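Asker: Quick one: the structure is below, and I'll ask about it shortly.
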Amino acid sequence: MSRTRKRTLATTGVAALSALAALTLPLTTAGTATAAAPCDYPAQQLNLTNWKVTLPTGSSGSPTEVKQPALATFSSSPWFTVNSKCTGVQFRSAVNAVTTPNSSYGRAELREMTDNGTENASWSATSGTHTMTFREAFNKLPNDKPHVVGAQIHDGDDDVTVFRLEGTSLYITKGDDTHHKLVTSNYQLHTVFEGKFVVSGGQIKVYYNGVLQTTIPHTASGNYFKAGGYTQANCGNSSPCSSSNYGQVTIYKLQVTHA
């Protein structure tokens, strides 16, 4: 179920107990202020000021999408919620998910925004330096086609490069080449790793645990970052066709800079 809570001050994306003082204090029916626990909403774990989320729920061809300011106090279990240990944000998408019109796969995924979450991010690979650093773990893969995407760069037309797990093999892709760079052939579920994209001067440098893995030429504009759980299986290639068959990613850190 989704949960929202009214606040008297507008804040977004706190990630530590020390930031609780900046949170709005919702009023009880008796009129006394009570602070929200830091595990109530994903925006208390990750700074989601300049993000929106797309979920595997909604109506056919029209998945649920939540933007700021609603995203600051939004959670949808089990698809987009703080994990049980209150250490990160869980992104889950089942094989029978609602999909976007241009994809046959469902997602619980963040899309980069600007202007406090009001506008879609869109930047050039040849101007400035654009970096996304994230710490995440793949937790669950769908049956039969155990493929899940955990983070990506997208341009105005298609995905440019992604971190993609296929069974125990973790790849960095390059356009339609899903096996461009094998990072490891022995990835174990729940293993936390740090990934990083650095885009500048018409190149994308991709890092895994601080080590450069590949450099991909890319000069297009209209780029933006995405992160979460994008399950690469559906009811046509994975059984059972139910919410019990899903892909899941947990994100523990998410930071984007543009310079």
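The values are calculated or read from the model by the stated rules, or taken from the named source; none is laboratory data. Keep in mind that what you see is a predicted model, and the values were worked out from it rather than measured. Virtual Cβ from ideal backbone geometry, glycine too; neighbours counted across all protein chains shown. Note: areas computed on protein heavy atoms with side chains; ligands, DNA, RNA excluded. Shrake-Rupley method; radii C 1.70, N 1.55, O 1.52, S 1.80 Å.
Asker: Looking at ALA125, ALA121, can you tell me which residue is touching a His at 6+ places or on another chain (Cβ under 6 Å), on the phi < 0 side of the Ramachandran plot and modelled with pLDDT of 95 or more?
Answerer: ALA125 is the lone residue from the list that is touching a His at 6+ places or on another chain (Cβ under 6 Å), on the phi < 0 side of the Ramachandran plot and modelled with pLDDT of 95 or more.
Asker: Quick check: is even one residue across segment 205-221 among the basic types (Lys, Arg) and surrounded by fewer than 17 Cβ atoms within 10 Å (Cβ to Cβ)?
Answerer: Within segment 205-221 (the criterion being among the basic types (Lys, Arg) and surrounded by fewer than 17 Cβ atoms within 10 Å (Cβ to Cβ)), the answer is yes, since at least one residue qualifies.
Asker: Of all residues in segment 236-259 being in a strand (DSSP E or B) and not β-branched (Val, Ile, Thr), which is least open to solvent (accessible area, probe 1.4 Å)?
Answerer: GLY247
Asker: Answer yes if at least one residue in segment 55-65 is open to solvent by less than 30 Å² (accessible area, probe 1.4 Å), at pLDDT 95 or above, in contact with a helix residue (DSSP H, G or I) (Cβ under 6 Å, 6 or more places away or on another chain) and not small (Gly, Ala, Ser), and no otherwise.
Answerer: Within segment 55-65, not a single residue is open to solvent by less than 30 Å² (accessible area, probe 1.4 Å), at pLDDT 95 or above, in contact with a helix residue (DSSP H, G or I) (Cβ under 6 Å, 6 or more places away or on another chain) and not small (Gly, Ala, Ser).
Asker: Anything in segment 68-104 that is modelled with pLDDT under 95 and in contact with an Asp or Glu (Cβ under 7 Å, 6 or more places away or on another chain)? List them, or say none.
Answerer: Matches in segment 68-104: none.
This table checks each residue for (1) touching a residue at least 12 places away in the same chain (Cβ under 8 Å); (2) open to solvent by 30 Å² or more (accessible area, probe 1.4 Å).
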residue: ASN120; (1), (2): yes, yes
residue: THR133; (1), (2): yes, no
residue: PRO142; (1), (2): yes, no
residue: VAL149; (1), (2): yes, no
residue: LEU165; (1), (2): yes, no
residue: LEU170; (1), (2): yes, no
residue: ASP176; (1), (2): no, yes
residue: LEU189; (1), (2): yes, yes
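Asker: Quick test of your reading of the structure: PRO101 fulfils all but one of (1) touching a Gly at 6+ places or on another chain (Cβ under 6 Å); (2) surrounded by 13 or more Cβ atoms within 10 Å (Cβ to Cβ). Name the failing condition by number.
Answerer: (2)
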